[in-house]
1. Output the number of the condition that C:PHE197 fails; it satisfies all remaining conditions of (1) in a strand (DSSP E or B); (2) outside the structural domain of C:VAL13 (by TED's automatic domain parsing).
2. So, C:ALA37, is that one at pLDDT below 85, surrounded by 15 or more Cβ atoms within 10 Å (Cβ to Cβ), at negative phi and more than 14 Å from chain A (Cβ to nearest Cβ) or not?
3. Is it the case, given these coordinates, that B:ALA76 is of a type in the set (A, V, I, L, M) and in contact with a helix residue (DSSP H, G or I) (Cβ under 6 Å, 6 or more places away or on another chain)?
4. Looking only at helices (runs of 4 or more DSSP H) that fall completely inside the range C:351-468, which ones have 2 or more residues that are touching a His at 6+ places or on another chain (Cβ under 8 Å) and more than 9 Å from every other protein chain (Cβ to nearest Cβ)?
5. Taking C:PHE182 as the residue in question, decide whether it is touching a residue at least 24 places away in the same chain (Cβ under 8 Å), farther than 16 Å from C:LEU157 by Cα, over 18 Å from the mean Cα position of the chain (by Cα) and assigned to a helix (DSSP H, G or I).
6. Hey, can you tell me all the residues within the range B:266-284 that are within 9 Å of the chain's Cα centre (by Cα), buried (at least 24 other Cβ atoms within 10 Å of the Cβ) and facing another protein chain (nearest Cβ under 10 Å)?
7. Kindly evaluate C:LYS262 against the criterion of being assigned by TED's automatic domain parsing to the domain that holds C:VAL466, part of a loop (DSSP other than H, G, I, E, B) and either charged (D, E, K, R) or under 30 Å from C:LYS15 (Cα atoms) (or both).
8. Looking only at the range C:111-122, count how many residues are at the interface with chain A (Cβ under 9 Å from one of its Cβ atoms) and under 21 Å from A:ALA198 (Cβ atoms).
Amino acid sequence: MSLLLRYREGILALIIALMVTGISLYAPPFGTLSNGVGVLNDTAFLFMMALAQMIVILTRGIDLSVAANLALTGMLTGMFNMVFPDLPALIYVALALAIGGGLGLINGSLIAFLRIPPIVVTLGTLAIFRGTIVVVDGGSQVNTSDMSSTFAGFPKLELFGLSSVFWIAAIVAVLAWFFLGQTRSGRGLYAVGGNPVAARYCGISLPYQQMLAYGISGAVAGMSGYLWVARYGVAYVEIASGYELTVIAACVIGGVSIGGGVGTVAGTLLGALFIGVIVNALPVMQVSPFWQMAISGAVILAAVIINARAEGRALKLILPEARRAAAQAKR
Amino acid sequence: MSDHPTTSPQSRYTVADRAPRKLSAFLLRWESILVMMLAAVIIGNTLKSPYFLDPFNLADATYNFSEKAIMALIMALLILVREIDLSVAAIVALSSLAIGYMGEAGYGPLPLIATGLAVGLVCGAFNGFLVTRSGVPSIVITIGTMSLYRGIAQVSLGDQALTTYPQRYLDLGQSYLFDWPPTPLSFFLFLVLAICFAVFLHKTSAGRQLFAIGANPVAARFSGIRVDRIRLILFTVSGLLAGLGAVLLTARIGVMRPNIALGWELDIITMVILGGVAISGGVGTIGGVVLAVFVLGLATFGLSLMNVPGIVINVLLGLLLIISIAAPIVIRGQSGRR
Amino acid sequence: MTTPQPVLSLSHVSKSFPGVRALHDVSFTLYPGQVTALIGENGAGKSTIVKILTGIYVPDEGEIVGAGKVQHFASPRDSWAAGIAAIHQETVMFDELSVAENIFMGHMPGGRFIDWRETKSRARELLSRIEADFDADAPLKTLSVAQKHMVEITRALSHDASVIIMDEPTAALSRHEIDELFRIVAQLKAEGRSIIFISHKFDEIFRLSDRWVCLRDGEKVGEGLTSDVTEPELVRLMVGRPIDQVFPKRDIPIGRTVLEVKGLTNATEFADISFSLRKGEILGLYGLVGAGRSEAMQCVFGMSQPTRGSVAMEGVALSIREPIDAIHAGISYVPEDRQDQGAFLPLGIRENITMASLAGHVRNFLLSPLSERMATRALGGRLSVKAAHWEQALGELSGGNQQKVVIAKWLATKPKIIILDEPTKGIDVGSKAAVHDFIGELAEEGLAVILVSSELPEIMGLSDRVIVMHEGRIAAQFERGKGTGAAAWSAEAIVAAATGGPMQEHAA
């Protein structure tokens, strides 16, 4: 399986490389280093949000509330900044992580302890989080002029031309890789998603793993909320509206199985990069940005159908000649 | 724990035809709870606002939920068989786009309606084809087709709008079908379709088979049920009714923009879940969905009469959804155990 | 036998669930180097004991004493720490993960952060101890059922457990694989481990166990040394009355041919399956697990499409694309996995029973509740379904009654042919006899019956003819009381055909 996955991730990487080459030939500015940096910077939010979503999907769950969480936490940190300007930026990051994580734990507890299906819970909290923005700010906006320089400046810091948002996404990716591959809790996510009954017999607690997954998902969404608001200089009720579906799309393209228990960090990052490349290529190719949605829809369907062929029900190998043929094919 | 009777197979047990009728069991039925919720909404709103019980106001209120409610009927059947269609709102957009173009081209009401329905049908059939052929969960497929369908609408229209429609078509969405009681066409269609769906689901053999698929798809196939064909039909009907929704919505608002009906899929799913259809499949009634439509529709209407902003109403409806699902679980104390 | 230091003892353990008393005042003791058979009918409380010992359930009363002190198992981890590991009835594993990870899931070496090198090397070491022929890195889903079982055993070994519970470990294994398992059990015994062995198969109990403990209705009804007891005595203890283990072969006139299958073949599962079936006949289909019997029968029933071959009913060729076509032709198939492939747990008994024959209850396009209720009463009554009322959800019934409802669903289609796939798998002695009687009744009523079974006594006791499958093909046919030598109606000959070669050992 891991071999096949690597194989599939390889294919995805190859497709992205071909796409980049093709687009660069057609529109040379796309192939430049600075544009590449731009793509990575623009896709940074999608990288981390998709990784967090993958962690939830691994447990057979789904978190539809991430974009609403992003908007609400972004708004709350923005308002906090109006009251306490000029604190170090990391305080805002920590605050956003805490608020977002708290919102995620609300999802987690409804799912883990009341056993309400994740899609129902996060559909409800999606509406609640978004609406709460209006309740807390009375329908107004937080604009750049309201933001202190430490608050607004942080996401625009650069290292090697890459923004701090990208570097944070990189850190998230490394942490996710380490967490999912090298820790018991991380492997536990694969276990509860792969076979919940077996996980229970192994002493792995489903409620713990679910709280963990939705907490992480919320925390990453919250942190993205602060970075988003500061970077784009505005917080209002509609920001990142519908973004949850882009995030899920990145996971699906990256080979994360909605059925749980299957997904890799590399695949998910490639899935996000795929969408990022398309989004950035359209203006360069002077194609209307309205194409973005249609293309990502077509790509999701293509990715899904290719995966489905790979996972289709195989006949059992009972006849001796069939077994021999399969053994030979393997060699 | 199972226990096997060790007596001979000839022995007979006395088994009643149906459960003894108990008031508590009746009152704890989900539909009864919804009726109580509906009564509370009506009483509360009547006390709060003198305008609430006005027939014309109520008739206008139905405009805001009838199109969604029609689509909720088929969504209920999809969720009952463990499927979901997230692309319905995008199908509305695509159908509405086609209606808009036909309007610009100067066609009359009938071709417009036929086009809207046909586009919906084709989109729905495409969903069904992908779901049944690929074996991929429909939530994934319809996230994809949602982007595809709405994307096509965006590509075609950009930031433009289509606003040319024949008056007789617009009248369909903007005038009453009957003057007394004042009944908009969309609401009338919803009621008729609700009766059809209820009879189909609860009284016909095909309807019964939907419960079987939802309860256990593998056993359903073993029992001679053509599971994939039924799935394909349900997705196709879902598209068709989304096309109908587009016909009614476009006529009502008289303008087509690519963001038309944005986010409706979530509103519709909320109606279905509040209506007591289990997301895990096999459980649900059309009566429950209809009651949930009224609870949500009248609550929204009442709150807007009180000048509560729409987004705050969404918060309240989100809370209502979660509380209504969580409350029975908490009361029965079913958490923790499994 | 000298009495060594006990490894673990249960004393006065009780456990209740709402409405059910699962265990009442059960006590027994385990000794090192001994195999203790835990026997009892389904629902006698065996699984509850397993779940208490593995920390899934907490007992209401009583205590577990191990290592000289009272143990409290709040989770599987506590139970591992006390040296108890279980090999569960259903293979509870992670298909997408590697063998090594399956072995160590829940207790990966290295603490909070996993030491992968250590994990793999320890997994390899354990696998080599039981002489497994696959690598620790292999993804689990590439393994066969028997290999997965070896992973389960390795998992138990990985805890270095002093007590190993085996809950029906042989249910899905072929004879050869069972021998392999018994070799490992002997090895574990020699290492001084204590084993709880749960099985419905008496030959295994007598071959393997040193002691036995018998449960009935949640209470211990006896225990002792296996060498001091006989099978009839155990059966009487289990069911509370003696059971006639003799199969009452009914004398039924066999009519004309109803089903004719010719050359049925698909790509990888079975080839050249040809047989005929006559009215009133019981045709046994014997073979090892994984010989392709269910696959071939499901193909006849329309669950899959053959690449070649034909099925004819009363001389008319059938085109079966879907199970519904088979049902219309008069073929019923009662699947092996009745819970997953047959039962609609949230639906009522009436809805379950009529689900495969709804067309017969339609009046003026609508279902007639009256007609459904009459069919339900008739079939539910005939099969002695025990329930409060016919609208009760199937999930609320006991396992045995659920099975009856599933069988009733198939009888409701008024079949001419009924294919029963492992009809007594996992059911206890008392219910088995009832099922055997019932099969005879069906044939008496003129149905043609195909009995797919892995239990030789059952096959030989009931069938008029036996077809043996081996590796996807028909290896031999036997006719009751006829033939000589390799074709003789004998257990030896049938087993030899099923194993694809000369006999290695006497059949059960």
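The values are calculated or read from the model by the stated rules, or taken from the named source; none is laboratory data. As the structure is a prediction and not an experimental result, all values here were calculated from the model. Counting neighbours? That spans all protein chains shown, and the Cβs are built from the backbone with ideal geometry, glycine included.
1. Status for C:PHE197: all satisfied but (2).
2. On the way: at pLDDT below 85: no; surrounded by 15 or more Cβ atoms within 10 Å (Cβ to Cβ): yes; at negative phi: yes; more than 14 Å from chain A (Cβ to nearest Cβ): yes.
So C:ALA37 fails the test.
3. Values: of a type in the set (A, V, I, L, M): yes; in contact with a helix residue (DSSP H, G or I) (Cβ under 6 Å, 6 or more places away or on another chain): yes.
Yes, satisfied.
4. On the way: elements: C:369-382, C:399-411, C:429-444, C:456-462.
In the range C:351-468, the matching helices (runs of 4 or more DSSP H) lie at C:369-382, C:456-462.
5. Details: touching a residue at least 24 places away in the same chain (Cβ under 8 Å): yes; farther than 16 Å from C:LEU157 by Cα: no; over 18 Å from the mean Cα position of the chain (by Cα): yes; assigned to a helix (DSSP H, G or I): yes.
Answer is no for this residue.
6. Passing the criteria: only B:ILE269.
7. Numbers: assigned by TED's automatic domain parsing to the domain that holds C:VAL466: yes; part of a loop (DSSP other than H, G, I, E, B): no; either charged (D, E, K, R) or under 30 Å from C:LYS15 (Cα atoms) (or both): yes.
When the stated conditions are applied, C:LYS262 does not pass them.
8. 2
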